[in-house]
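The values are calculated or read from the model by the stated rules, or taken from the named source; none is laboratory data. It should be emphasised that the depicted structure is a prediction, and the values quoted were computed from it without experimental measurement. Quick reminder, even Gly has a Cβ in these numbers, built from the backbone with ideal geometry, and neighbours come from all protein chains shown.
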């Protein structure tokens, strides 16, 4: 069924959806509060980029601590707004009137899960930058890349499995 012929239905959030929204908002709040709380204590130069081993390989102004919160706020807003129109998403299965509600629900939950994950990953990285800048140990650790990639692919893998299972 073509995208413009998909059913346009409202997906009411479940308790699990509301929990994910609350967690995402908590992650965003944490992401915004961390730099605000520690900004005055940061040195003038802080880590701004990390290599695959989690070691700082570029430094810059402490104002750079606001980059992840700004990106996080933008992504939070975009994912929240986009989630209102699940009929325009790309799906790995054909959307029919029979499966639309279930597929839309899973897709909106995917976006909520990714939004929550992104907020907490960004908050964790921001905390790592703050901690490293203040201690002089500018490393996020070698596990950061595995955690980021593993968690994103874990959420996407769950969605793909569920989407095909409920086609």
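Does residue 24 count as crowded, with 17+ Cβ neighbours inside 10 Å, over 14 Å from residue 127 (Cβ atoms), at pLDDT 95 or above and in contact with a helix residue (DSSP H, G or I) (Cβ under 8 Å, 6 or more places away or on another chain)?
yes
Residues to consider are 133, 63; find the one that is modelled with pLDDT of 95 or more and either more than 20 Å from the chain's Cα centre (by Cα) or on the phi > 0 side of the Ramachandran plot (or both).
63
Does the range 118-138 contain at least one residue that is outside any helix (DSSP H, G or I) and touching a residue at least 24 places away in the same chain (Cβ under 8 Å)?
Yes, the range 118-138 has at least one match.
Yes or no: the range 95-107 includes at least one residue that is loosely packed, with under 14 Cβ neighbours inside 10 Å, in a helix (DSSP H, G or I) and at pLDDT 95 or above. If you could, list the steps in order and put the result at the bottom.
We begin by selecting, within the range 95-107, every residue loosely packed, with under 14 Cβ neighbours inside 10 Å; these are 96-98.
Restricting the remaining residues to those that are in a helix (DSSP H, G or I) gives none.
No, the range 95-107 contains no residue that is loosely packed, with under 14 Cβ neighbours inside 10 Å, in a helix (DSSP H, G or I) and at pLDDT 95 or above.
Anything in the range 12-21 that is surrounded by 13 or more Cβ atoms within 10 Å (Cβ to Cβ) and closer than 27 Å to residue 146 by Cα? List them, or say none. Let's see the steps before the verdict.
Quick first cut of the range 12-21, residues surrounded by 13 or more Cβ atoms within 10 Å (Cβ to Cβ) only: 13, 17, 19-21.
Of everything in the range 12-21, those that are surrounded by 13 or more Cβ atoms within 10 Å (Cβ to Cβ) and closer than 27 Å to residue 146 by Cα turn out to be 17, 19, 20, 21.
State the number of residues belonging to the range 15-60 that are over 20 Å from the mean Cα position of the chain (by Cα) and in contact (Cβ under 8 Å) with a residue 12 or more places away in the chain.
14
May I ask you to list the residues in the range 27-60 that are in contact with a helix residue (DSSP H, G or I) (Cβ under 8 Å, 6 or more places away or on another chain), in a helix (DSSP H, G or I) and farther than 30 Å from residue 107 by Cβ?
Correct list: 34, 35, 38, 39, 41.
Return yes when residue 83 is surrounded by 16 or more Cβ atoms within 10 Å (Cβ to Cβ) and within 16 Å of the chain's Cα centre (by Cα) and no when it is not.
Criteria met by residue 83.
Based on this model, can you work out whether residue 148 counts as free of Cβ contacts under 8 Å to residues at least 40 places away in the same chain, part of a helix (DSSP H, G or I) and within 12 Å of the chain's Cα centre (by Cα)?
Yes.
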